[in-house]
Amino acid sequence: MARRPRSKAGRALKSAGDRILGWLTITALGLLRRLDRKRMANMIGPMMRHVGPWLPEHRIGRSNLAAAFPDKLPEDIETILGGVWDNLGRYAAEFAHIDRMTIYNPDAPQQPADLDAVYDQTTRDRFLQLRDSGKPSLVFSAHLANWEVPALAPASYNVRVNLLYRRPNIGGIADAVVKMRAGCMGNLIPTGLDAPVRLANALERGEHVGMLVDQHFVKGVDVVFFGRWAKANPLIAQLARHTGAAIRGVRVVRQADGVSFWGELTDEIAPARDSDGKVDIQGTMQIITSIVEGWVREHPEQWLWLHRRWR
């Protein structure tokens, strides 16, 4: 049966509710920005280890991990899940401070004494290569550690980048989040019908494009992820096929102190090709998915196991 359209009063009530929720969220973000980020992360992370197991997402995470690591004991699964909740709590503490986090800047005359994210010389050289080559590239990442931190590096290296992101549904929240990130992350392009065209145009201008690739996508292509079939968004492979842009991956790893990161930008990744020499969409997405799986296997406690990746 078709859903009845919402009445005028219902629409007005929802609009008022969204405005109130937006105001509360913006106020909360403002308050969080007054607090010490590292101290908050060290408080919320351990707290979430105790709160998380009471939430329904814990069961999803347990099921996902048991299927991905069938040889692990139940207590090992719970240990990983504890780390997942800890990482998520730390991400929440960092959310309001993302524009204040410090990245190594090769052009700065003096580096901050306490960098939040560091890259080795190989990765620094690769960022400079991106900046100076004049050629576009497609960069993928995953929901690992703080998955927003990789988006900070291009600005530090003066790399022109366009980032695909999911805009929050409530306008006030969306505006606040975008405003906080626009100055430190480059050009933010919300998901939508026109997003592929806007991203392709950016690549045609010689700019770079970044996106997350590790969540379920209903109309995606089939890939094997941890031994099971999953759906992957083929957009990055489609753009590579359309524009010829090179593909790279980027990630960060949360360090033992819980509040700093080590990052890596991969070398160019050769896509799969069909018999005509064109980029093979499904094969390329499998290559990308396998790289993400390797990252997750290195630090399973830092990936977001709490969503339904396999359906």
Would you pull out the residues with amide H under 5 Å of PHE261's amide H, same chain only if 5 or more places away, H placed 1.01 Å from N?
ALA117, VAL118, GLN255
Round to the nearest 10 and report in Å² the accessible area of TYR91, as given by a 1.4 Å probe over the protein chains' heavy atoms.
30 Å²
Once amide hydrogens are built 1.01 Å from N within the peptide plane, the residues lying 5 or more places from LEU188 or on another chain with amide H under 5 Å from its amide H are LEU163
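Kindly point out which whole DSSP H helices in the chain project their C-alpha atoms 15 angstrom or further along the helix axis while averaging a Kyte-Doolittle hydropathy of -1.0 or above. The partial results should precede the final answer.
Numbers: long enough: 8-32 (36 Å, 0.56); 37-51 (20 Å, -0.53); 57-68 (16 Å, -0.56); 74-95 (31 Å, -0.18); 121-133 (17 Å, -1.48); 171-185 (20 Å, 0.77); 281-298 (26 Å, 0.33).
Helices passing the filter in the chain: 8-32, 37-51, 57-68, 74-95, 171-185, 281-298.
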Starting from region 34-66, pick out the trypsin sites (Lys or Arg not before Pro) whose DSSP state is loop and whose Cβ has at most 15 other Cβ atoms within 10 Å.
ARG34
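For region 116-188, run through the trypsin sites (Lys or Arg not before Pro) and keep only the ones in DSSP coil with at most 15 other Cβ atoms within 10 Å of their Cβ.
ARG166
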Cα gyration tensor, region 180-311 - rounded (a/c under 1.5), prolate or oblate
oblate
Straight distance only, please: which aspartates and glutamates reach the Cα of LYS231 with their own Cα at less than 12 Å, same-chain residues fewer than 8 apart left out?
ASP214, ASP222
In terms of solvent-accessible area of protein heavy atoms at a 1.4 angstrom probe, what is the ranking of TRP305, TRP262, TRP310, TRP229, highest value first?
TRP229, TRP262, TRP310, TRP305
Which entries of LYS38/LYS179; LYS38/LYS135; LYS72/LYS219 show an alpha-carbon separation above 28 angstrom in the structure shown?
LYS38/LYS135; LYS72/LYS219
Given charges of +1 on the Cβ of Lys and Arg and -1 on the Cβ of Asp and Glu, with all other atoms neutral, how large is the dipole of region 189-311 about its Cα centre, in debye to the nearest 20?
440 debye
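What's the magnitude of the charge dipole for the chain around its Cα centre, counting Lys and Arg as +1 and Asp and Glu as -1 at the beta-carbon? Answer in Debye, nearest 20. Before the final figure, lay out each step's value.
Numbers: 42 positive and 33 negative charges, 355 e Å.
Dipole magnitude for the chain comes out near 1700 debye.
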Once amide H atoms are built 1.01 Å from N in the peptide plane, which residues 5 or more positions from ARG167, or in another chain, come under 5 Å H to H?
THR191
Take the alpha carbon gyration tensor of region 142-258, find the square roots of its eigenvalues, order them as a ≥ b ≥ c, and report rounded if a/c is under 1.5; if not, report prolate when a/b exceeds b/c, else oblate.
rounded
Roughly what % of DSSP beta bridges within the chain run antiparallel, to the nearest 5?
40 percent
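How would LEU164, LEU35, LEU265 line up by accessible area, probe 1.4 Å, largest first? Don't jump to the answer; show the numbers that get you there.
Values: LEU164 40, LEU35 80, LEU265 0 Å².
Largest accessible area first, the residues go LEU35, LEU164, LEU265.
The values are calculated or read from the model by the stated rules, or taken from the named source; none is laboratory data. Keep in mind the model is a prediction, meaning the values are calculated, not measured. Glycine also receives a Cβ, built like all others from the backbone with ideal geometry; neighbour counts cover every protein chain displayed. Accessible surface areas use protein heavy atoms only, side chains included; no ligands, DNA or RNA. Shrake-Rupley method; radii C 1.70, N 1.55, O 1.52, S 1.80 Å.
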